[in-house]
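The values are calculated or read from the model by the stated rules, or taken from the named source; none is laboratory data. In this text the structure is predicted, and so the values were computed from the model without any measurement. Cβ coordinates were reconstructed from backbone atoms using ideal geometry, including for glycine residues, and neighbour counts include every protein chain displayed. Keep in mind that these areas ignore ligands, DNA and RNA; they rest on the heavy atoms of the full protein, side chains included. Shrake-Rupley method; radii C 1.70, N 1.55, O 1.52, S 1.80 Å.
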Amino acid sequence: MNIDTRIKFRHLVCFLEVARQGSLAKASDKLAISQPALSKTLKELEGLLNASLFVRSKSGAALTESGVAFMRYAGPSVQALREGVNSLRSGEHAPVAVRLGVLSTVESLLVPEVICRLHAKHPALVVSVATGPSAYLLSQLRLGELDLVVGRMTDSPQILGLSFEHLYSESMTLVVRQGHPLLTTEERSLTLEDFPVVLPLAGTTIRQFADSLFVQHGIDPPRQRLETLSLTLSRRYVQCSDAVWIAPFDAVRQDLQVGELVELELGIREPGGSVGLCSNPALPLSIPAQWCVETLREVGQAYREGTYP
């Protein structure tokens, strides 16, 4: 079937912005157009496609099943067109770029090493890194706003329809500061429930692995907790308090090596989740993104073989 030539670039841009914002009001502000004009554009697109793309309610606009299916192709198409236009406008000497979505599990060791190796091979490469929860980053990947997403994400519903490649497995661990009461023989009557705990945000993939530790050890999660994906905040809070951090092992590996944090020995360790890279099969990888995939595989193999870090 031929593409309806009445579908314009503005239709796609408006559709994608509403999908990104989850609200017609927010999308109209972002696009600097009136809400009635945006609503009219969406109705035109739905009419041309003969499909309902959004369910509208007082709380916003949510994609329908048809909307999710259409977004898989609309996002990459718009992004590819933008890149094509920019390549003509910027000139042949413009730096090449790759856009990475990076989950907190790989911020400390994997991604810095990957970027070092990429820059050693490709001096003009620009690596743009976005961080956040897996649901957000995967939605950006689906829209074509990111080339790749790296980290733990296999249990995220947003991964459906995307391609995932396993790199290595990484476990969660419990760490505390030097001198913590749980480390002293005189305080053996104390338990984990007596202290604040630092956890990943509720609803994230890595939180499910953290929660599994409590289940395995029969521990009731403490009421007092800090929930965050920020490694910097987590590390500093644990160092200046009696909090216990349920952390990805890579995030604290160097802290353990230099003695700034200490691992709590509970007898068994969480078996580990799959760390990998995710791409959008509806959008061919750019050459810089292919360089990044090759380097991620290289460092992932070093992880599996124990030669890095």
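Selection of first residues in region 201-230 that are surrounded by 15 or more Cβ atoms within 10 Å (Cβ to Cβ) and of second residues that are in a loop (DSSP other than H, G, I, E, B) and among the aromatic types (Phe, Trp, Tyr), restricted to Cβ pairs under 7 Å at least 6 apart or on distinct chains, gives the following pairs, ordered by first then second residue: Pro222/Phe195. Do we find a residue being surrounded by fewer than 16 Cβ atoms within 10 Å (Cβ to Cβ) and touching a helix residue (DSSP H, G or I) at 6+ places or on another chain (Cβ under 6 Å) anywhere in region 35-47? Yes, that holds for at least one residue. The residues in region 111-139 that are touching a residue at least 60 places away in the same chain (Cβ under 8 Å) and within 14 Å of the chain's Cα centre (by Cα) can be counted, and the count is 7.
Residues in region 265-275: is at least one touching a Ser or Thr at 6+ places or on another chain (Cβ under 6 Å), of a type in the set (D, E, K, R) and under 22 Å from His119 (Cβ atoms)? Scanning region 265-275, I find no residue that is touching a Ser or Thr at 6+ places or on another chain (Cβ under 6 Å), of a type in the set (D, E, K, R) and under 22 Å from His119 (Cβ atoms), so the answer is no.
In region 284-309, how many residues are within 25 Å of Gly75 (Cα to Cα), among the polar types (S, T, N, Q) and part of a helix (DSSP H, G or I)? Result for region 284-309: 1.
Every residue in region 271-309 that is crowded, with 19+ Cβ neighbours inside 10 Å, farther than 17 Å from Val106 by Cα and either of a type in the set (S, T, N, Q) or without any contact (Cβ under 8 Å) to a residue 60 or more places away in the chain (or both), please. Within region 271-309, just Asn280 meets the criteria.
Any residue in region 181-195 that is in a strand (DSSP E or B) and buried (at least 16 other Cβ atoms within 10 Å of the Cβ)? No, region 181-195 contains no residue that is in a strand (DSSP E or B) and buried (at least 16 other Cβ atoms within 10 Å of the Cβ). What do you reckon, is Arg235 without any contact (Cβ under 8 Å) to a residue 40 or more places away in the chain and either open to solvent by 40 Å² or more (accessible area, probe 1.4 Å) or in contact with a helix residue (DSSP H, G or I) (Cβ under 8 Å, 6 or more places away or on another chain) (or both)? For Arg235, the condition - without any contact (Cβ under 8 Å) to a residue 40 or more places away in the chain and either open to solvent by 40 Å² or more (accessible area, probe 1.4 Å) or in contact with a helix residue (DSSP H, G or I) (Cβ under 8 Å, 6 or more places away or on another chain) (or both) - is met.
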